[in-house]
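In what follows, a structure is listed as structure tokens, so that the remarks can point back to it.
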Amino acid sequence: MTLVAEGEEMALSEHAFDDLLDAAVRFHGHLCPGQVLGVRMTLAGCREVGIGRARQAGKDLVVLVEIDRCATDAIQALTGVSLGKRTLKHLDYGKMAATFVNMVSGTAVRVAARETARARAAEWAPFEPDARKAQTLAYRHMPEGELLKIERAVVRPGWLDRRRVRVCCDCCGEGINYEREVRVGERTLCRPCSGESYLLPPCARSVPAPEEPPS
């Protein structure tokens with residue numbers, strides 16, 4: 001299945017749900033509840049911000065995802081947003097949620113999976129004993145209002161409009177792009193040097209030299 005028909009992309013809503021899910025699964029590698037959630041989130045988010053042909057939107061569509069799990073792959077597969085094009089933003093909040101932004105109109109909506117949907121999956125797939133398979137089935141058919149919470153959103157200034165500038169860190173000397181530097185007193189620092197690093201300090205992560213064999 002392809003999301004392009006006769007050289008022109010169809011609107012997401014014009015595709016059969018199974019075709020959208022198939023495209024997401026091929027991108028992700030396997031079927032799971034998160035893939036179904038991601039497809040449902042994408043359909044809802046793009047509809048609410050007025051973007052039908054998501055893969056033709058280019059930089060007119062930006063999505064901020066709050067988790068690095070399966071649903072994010074589904075969103076990327078169906079919309080074409082990506083980190084490299086700066087149209088996909090990852091925020092490590094651990095929440096099954098994403099904010100869809102129409103950069104032309106300024107409209108934004110946050111779409112989040114309802115926690116109650118997981119608990120109610122068995123009601124929608126009563127004959128499936130496996131919990132994950134039950135969720136996969138249930139999330140396909142559950143009414144949108146029971147599965148998803150959709151809210152109008154306003155993205156804070158600076159998240160989507162950073163200038164394309166480059167400065168150097170006064171500590172490590174590495175370049176910093178798109179106004180991600182931090183000012184500490186008179187110094188310009190990258191976020192790792194200011195203390196926001198996922199790495200241990202260099203002295204703590206250095207590999208010790210091998211011991212000399214006994215003579």
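The values are calculated or read from the model by the stated rules, or taken from the named source; none is laboratory data. This structure is a prediction, so every number in the text was calculated from the model and none was measured. FYI the Cβ positions are ideal-geometry reconstructions off the backbone, even for glycines, and counts take in every protein chain you see.
Tell me whether the range 87-104 contains one or more residues that are without any contact (Cβ under 8 Å) to a residue 24 or more places away in the chain and among the small types (Gly, Ala, Ser). Looking for residues that are without any contact (Cβ under 8 Å) to a residue 24 or more places away in the chain and among the small types (Gly, Ala, Ser), one finds none in the range 87-104, hence no.
Here's the yes/no breakdown for (1) at pLDDT below 95; (2) within 23 Å of Leu147 (Cα to Cα):
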{"position": "Glu9", "(1), (2)": "yes, no"}
{"position": "Leu12", "(1), (2)": "yes, yes"}
{"position": "Phe17", "(1), (2)": "yes, yes"}
{"position": "Gly29", "(1), (2)": "yes, no"}
{"position": "Val36", "(1), (2)": "no, yes"}
{"position": "Arg47", "(1), (2)": "no, yes"}
{"position": "Asp68", "(1), (2)": "yes, yes"}
{"position": "Ile75", "(1), (2)": "no, yes"}
{"position": "Leu83", "(1), (2)": "yes, no"}
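Scanning the range 170-189 for residues that are surrounded by fewer than 14 Cβ atoms within 10 Å (Cβ to Cβ) and either assigned to a strand (DSSP E or B) or among the aliphatic types (A, V, I, L, M) (or both) gives Gly175, Asn177, Arg183, Val184, Arg187. Only one entry of Val154, Val109, Val167 meets the criterion of being hydrophobic (A, V, I, L, M, F, W, C), in contact with a strand residue (DSSP E or B) (Cβ under 9 Å, 6 or more places away or on another chain), in a loop (DSSP other than H, G, I, E, B) and at pLDDT 90 or above, and that entry is Val154. Restricting attention to the range 99-122 and to residues that are β-branched (Val, Ile, Thr) and surrounded by fewer than 21 Cβ atoms within 10 Å (Cβ to Cβ), the residue that is nearest to Ala134 (Cα to Cα) turns out to be Thr116.
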